[in-house]
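K.L.:
My questions will all concern the structure given below.
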Amino acid sequence: NISERLARIAAHVPQGARMADIGSDHAYLPLYLAQKGQIASAVAGELNEGPFRGAERNVRSRGYSDRITVRKGNGLAVIEPGEVDVITVAGMGGGTIREILSAGEEKLAGVQRLVLSPQGDSEGLRRWLGEHGWQILDEEMLVEDEKMYEIVVAERGEMAVDDRNAMEFGPILLAQKHPLIADRVDYELGKIRLALEGLEKAKGDSGEQRRQELLARRQQLEEVK
Ligand code: SAM
């Protein structure tokens with residue numbers, strides 16, 4: 001059985017897609033999609049030998065070698081331009097996902113949809129998308145095993161990146177007033193409270209600029225609630 005997180009990612013892969021799952025680990029996501037008959041084909045890309053071998057073994061033993069090709073390589077190096085229409089990248093930091101997309105931008109030419117699940121720095125990833133001709137059309141946030149996960153679905157289009165709250169919390173999640181956003185805001189507000197208390201104790205004038213920054217950030221966060 002597949003995790004709720006991977007099942008939610010899978011839900012954003014259109015029927016009949018030719019997909020690449022980058023950093024596929026055990027190839028669970030492409031296997032799940034192939035078993036459901038949801039994809040025409042998949043490339044499972046893996047940088048590291050251990051996961052690559054594991055993915056190969058899983059695909060072969062379950063009899064999906066005709067549909068899923070397991071390839072070893074860094075990021076988008078495992079695909080040819082025009083080979084896939086959907087790319088999934090999940091379970092890596094937002095910075096790593098951004099680097100993978102940047103390094104392989106010429107491979108994105110025929111790609112219609114990105115389904116990304118960054119762990120940390122989703123803000124930087126959203127900004128990258130907006131600055132490189134991608135628009136976020138759907139998002140999800142979920143908690144599994146006490147961890148929070150975000151899913152960002154993007155297609156070609158225009159997206160403004162100047163709204164800090166939208167970039168940090170997700171334009172769709174924000175518009176939906178997703179219930180988990182309040183938890184994230186409370187967490188951030190808690191950090192600001194501690195930092196302000198720390199400045200108060202230190203009492204130097206040199207802390208004034210930092211204090212103003214924290215107050216501005218607090219006000220920005222209050223607007224989200
Ligand atoms: N995508 C799966 C998921 O979400 O369950 C696996 C996530 S696992 C935490 C991250 C995987 O990405 C590891 O198997 C790692 O070897 C692989 N990886 C990390 N950097 C990579 C890169 N630049 N290119 C391809 N694979 C990479």
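The values are calculated or read from the model by the stated rules, or taken from the named source; none is laboratory data. Every value quoted in this text rests on a predicted model; they were computed, and no experiment measured them. Heads up, the Cβs are rebuilt from the backbone with ideal geometry, glycines too, and the neighbour counts pull from every protein chain shown.
K.L.:
Please go through region 75-88 and pick out each residue that is within 13 Å of the ligand (Cβ to nearest atom) and assigned to a strand (DSSP E or B).
P.N.:
Correct list: I87, T88.
K.L.:
Then there's this: Which of the residues belonging to region 56-74 are more than 10 Å from G45 (Cα to Cα) and outside any strand (DSSP E or B)?
P.N.:
Across region 56-74, the qualifying residues are E56, R57, N58, V59, R60, S61, R62, G63, Y64, S65, D66, R67.
K.L.:
Here is a list: G16, G37. Which entry is touching a residue at least 12 places away in the same chain (Cβ under 8 Å), more than 22 Å from L101 (Cα to Cα) and more than 10 Å from the ligand (Cβ to nearest atom)?
P.N.:
The conditions single out G16.
K.L.:
Are there any pairs with C-beta distances below 9 angstrom linking a residue in region 62-82 that is in the same structural domain as G16 (by TED's automatic domain parsing) and at pLDDT 95 or above to a residue that is away from the ligand (no atom under 16 Å from the Cβ) and of a type in the set (S, T, Y), with the two at least 6 apart or on different chains, and if so which?
P.N.:
D66/S41; R67/S41; I68/S41; T69/S41
K.L.:
Something else: Filter region 111-124 down to residues that are within 15 Å of the ligand (Cβ to nearest atom) and not in a loop (DSSP other than H, G, I, E, B), then give me how many there are.
P.N.:
Qualifying residue count, region 111-124: 6.
K.L.:
Go through the residues of region 143-156 one by one and say whether even a single one is over 24 Å from V86 (Cβ atoms) and in contact with a His (Cβ under 9 Å, 6 or more places away or on another chain).
P.N.:
No - not one qualifying residue is present in region 143-156.
K.L.:
Moving on to the next point. Name the single residue that is modelled with the lowest pLDDT among those in region 1-13 being farther than 23 Å from L101 by Cβ and within 11 Å of the ligand (Cβ to nearest atom). Show your work before the answer.
P.N.:
Of the residues in region 1-13, the ones farther than 23 Å from L101 by Cβ are 1-4, 7.
Still in the running and within 11 Å of the ligand (Cβ to nearest atom): 2-3.
Working: I2: 91, S3: 96.
Within region 1-13, the match that is modelled with the lowest pLDDT is I2.
K.L.:
Would you point out the residue of region 11-30, among those that are buried (at least 21 other Cβ atoms within 10 Å of the Cβ) and of a type in the set (A, V, I, L, M, F, W, C), that is farthest from G91 (Cα to Cα)?
P.N.:
A17
K.L.:
Moving to a separate point now. Of the residues in region 89-110, how many are surrounded by 20 or more Cβ atoms within 10 Å (Cβ to Cβ), in a helix (DSSP H, G or I) and within 8 Å of the ligand (Cβ to nearest atom)?
P.N.:
Qualifying residue count for the region: 1.
K.L.:
In region 19-34, how many are assigned to a strand (DSSP E or B) and within 12 Å of the ligand (Cβ to nearest atom)?
P.N.:
Of all residues in region 19-34, those assigned to a strand (DSSP E or B) come to 19-22.
Cutting the leftovers down to within 12 Å of the ligand (Cβ to nearest atom) gives us 20-22.
Total meeting the criteria: 3.
K.L.:
Could I ask something else about it? Condition test on V43, is it in a loop (DSSP other than H, G, I, E, B), within 15 Å of the ligand (Cβ to nearest atom) and under 26 Å from P81 (Cβ atoms)?
P.N.:
No; evaluated as a whole, the condition is false for this residue.
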